[in-house]
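The values are calculated or read from the model by the stated rules, or taken from the named source; none is laboratory data. On a predicted model such as this, the values are computed, not experimentally measured, just so you know. Cβ placement follows ideal geometry from the backbone for every residue including glycine, while neighbour counts extend to all protein chains displayed. Ligands, DNA and RNA are excluded from the accessible area calculation, which covers all protein heavy atoms including side chains. Shrake-Rupley method; radii C 1.70, N 1.55, O 1.52, S 1.80 Å.
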Amino acid sequence: MTDHTHADTLRTPIVAVLGHVDHGKTSLLDTIRGSAVSEGEAGAITQHIGATDIPLDTISGMAGELIDPTDFDLPGLLFIDTPGHHSFSTLRARGGALADIAVLVVDVNDGFQPQTEEAIDILRRTGTPFVVAANKVDTTPGWNPQDGEPIQKSMDAQSERAKSMLDENLYEIIGQLSDAGFSADLYWRVQDFQKNIGVVPLSALTGEGVPDLLTVLMGLSQRFMKEEMAIDVTGPGEGTVLEVKDERGFGATVDTVVYDGVIRNGDTVVVGGQDEPIVTEIRALLRPRPLAEIRTEKEFEKVGEIGAAAGVKIAAPDLDRAMAGAPVRVVRDRTVDQVVEEVKAELAEIEVETADNGVVVKADTLGSLEAMANALREAEVPILRAEVGDIAPRDIAVAETANQDEHKAILGFNVDLLQNAESDLENADVKLFKNEVIYQLVEDYERYVEEKQRAQQ
Ligand code: GDP
């Protein structure tokens, strides 16, 4: 028997893209999607909710000589569409990270930046295997694009000057990875991806090096993920809520990444809710229609079932209190109570300590709420109330009850102020802080408290 016999039991690895702002995460995801689509015939991409599936056929079509598809048992790669380490670290699956592997994007001219360091810390903590995409090689002065060539050949074909500038930048990144405790090298020099981090020079703009990245990701998944990705395809589906959304004709729905088992239309599911787990029955499983069809048809198409790994929108009654970041579990082979207990236990791992007095915290997902709570604990800022969701009138009412002035504050991470709360905020003696970077949010608040204390002296 060869290694290839368990092809049916390995699920698609889930890939997250992380890195500092402006280093090219969004562009890289766009380019991966775009070049997969233009690769055309062989499978192309499958649209999912919140994720994009690139089948092995498509990857091997893009990668040409770089890849021998018979080396792989994996069906392809599922990229989570929302880039950034917040979406990575706040999306869990059974206590671990939802993503199996990660791409750390580093601007080759800019090197490591604060969010690169943050991302590295998270990857280390979660033990997630990753590849470094050394992005924007095309900005090297004198860069001469080599269409369709593997990046190593492309680099060899550059002028001496371009070569040495790029080399210098790449070795700087390799050195920074080494300072962070990872041994790393250009990917074609890496023999063992378990021991060394592969660095893939590429350009999200021109697409150079992107097939190389996909090849390395396949290799990395193949080596690291065998056990974790062996699934019982008929088992009860397990997933994580990416987003809770109102959808015309369906009411409140949850966008979910299914990381294990199968979810079927009509299944009873337990979903983590704001007060307690929601037990409900699936009315519809929805997937985006191909773009070409959307002009004439509704945006979504219904599917009967969906197996891991995949992104799907679940429509069911009572989902309006569901929480982004919370677990979704199909009730099958067990009682509803057992599954409810399981979901409760998983949610209990995400503990946010609150006090009788303190600030109000709102965040977009459970995991980001936990990250906020940790950051505030370190800064010794007490929390009166912490919840997932946009800032609503009652949050302002709660913040106003704080008995110290400095605590009459709401810290919103990645959330909006609801329209019906705008006038409440104007009329209340409550200060609102909003940011998409946790440490900045905490810093802004600390500065405010200092200024307030100085003014009182
Ligand atoms: P993100 O914040 O990490 O998602 O970064 P974006 O993908 O939004 O990219 C930030 C900026 O860098 C945008 O203006 C992109 O067009 C540009 N950019 C991204 N990748 C490349 C690249 O490979 N080459 C060049 N020249 N520009 C790039």
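Only one entry in Ile314, Ile294, Ile263 is farther than 22 Å from Gly389 by Cβ, open to solvent by less than 70 Å² (accessible area, probe 1.4 Å) and modelled with pLDDT of 95 or more, namely Ile263. In region 65-75 there is no residue matching the filter, namely being under 21 Å from Arg223 (Cβ atoms), open to solvent by less than 20 Å² (accessible area, probe 1.4 Å) and in contact with a Phe, Trp or Tyr (Cβ under 9 Å, 6 or more places away or on another chain). Report whether or not Leu214 is within 16 Å of the ligand (Cβ to nearest atom) and surrounded by fewer than 18 Cβ atoms within 10 Å (Cβ to Cβ). Judged against the criteria, Leu214 is not a match.
Of the listed requirements (1) within 22 Å of the chain's Cα centre (by Cα); (2) within 14 Å of Gly273 (Cα to Cα); (3) in contact (Cβ under 8 Å) with a residue 40 or more places away in the chain; (4) open to solvent by 10 Å² or more (accessible area, probe 1.4 Å), Arg329 misses just one: (4).
The set of residues from region 419-441 being surrounded by 16 or more Cβ atoms within 10 Å (Cβ to Cβ) and within 21 Å of Ala402 (Cα to Cα) comprises Ala421, Asp424, Leu425, Ala428, Val430, Lys431, Leu432, Phe433, Lys434, Leu441. Restricting region 129-187 to residues that are in contact with a Ser or Thr (Cβ under 6 Å, 6 or more places away or on another chain) and without any contact (Cβ under 8 Å) to a residue 24 or more places away in the chain, which is surrounded by the most Cβ atoms within 10 Å (Cβ to Cβ)? That would be Ala162. Residues of region 332-350 that are in a loop (DSSP other than H, G, I, E, B) and either among the aliphatic types (A, V, I, L, M) or under 26 Å from the mean Cα position of the chain (by Cα) (or both): Glu349, Ile350. Residue under question is Leu78, and the condition is that it be away from the ligand (no atom under 16 Å from the Cβ), under 23 Å from Lys313 (Cα atoms) and modelled with pLDDT of 85 or more; does it hold? Spelling it out, Leu78 is indeed away from the ligand (no atom under 16 Å from the Cβ), under 23 Å from Lys313 (Cα atoms) and modelled with pLDDT of 85 or more. Taken over region 298-326, residues that are over 24 Å from Thr12 (Cβ atoms), among the aliphatic types (A, V, I, L, M) and more than 19 Å from the chain's Cα centre (by Cα) amount to 2.
Kindly indicate whether Gly389 is under 25 Å from Thr253 (Cβ atoms) and surrounded by fewer than 24 Cβ atoms within 10 Å (Cβ to Cβ). Criteria met by Gly389. Taking Glu353 as the residue in question, decide whether it is closer than 24 Å to Val388 by Cβ and part of a loop (DSSP other than H, G, I, E, B). Yes, satisfied. Assessment of region 19-26 against the conditions (part of a helix (DSSP H, G or I), within 16 Å of the ligand (Cβ to nearest atom) and either modelled with pLDDT of 85 or more or of a type in the set (Asp, Glu) (or both)) yields at least one matching residue.
Condition first: closer than 17 Å to Val437 by Cα and assigned to a helix (DSSP H, G or I). Now tell me which residues in region 367-413 satisfy that. Passing the criteria: Gly367, Ser368, Leu369, Glu370, Ala371, Met372, Ala373, Asn374, Ala375, Leu376, Arg377, Glu378. Among the residues making up region 82-123, those that are at pLDDT below 90 and under 21 Å from Thr46 (Cβ atoms) are Thr82, Pro83, Ser87, Leu91, Ala93.
The set of residues from region 160-203 being touching a Phe, Trp or Tyr at 6+ places or on another chain (Cβ under 6 Å), away from the ligand (no atom under 16 Å from the Cβ) and in a helix (DSSP H, G or I) comprises just one member, Gln176. Filtering region 44-63 to residues that are of a type outside the set (Val, Ile, Thr) and either open to solvent by 40 Å² or more (accessible area, probe 1.4 Å) or under 19 Å from Leu286 (Cα atoms) (or both) leaves Gln47, His48, Gly50, Ala51, Asp53, Asp57. Exactly one residue out of Asp444, Asp405 is at pLDDT 95 or above, surrounded by fewer than 20 Cβ atoms within 10 Å (Cβ to Cβ) and over 13 Å from Val360 (Cβ atoms): that is Asp444.
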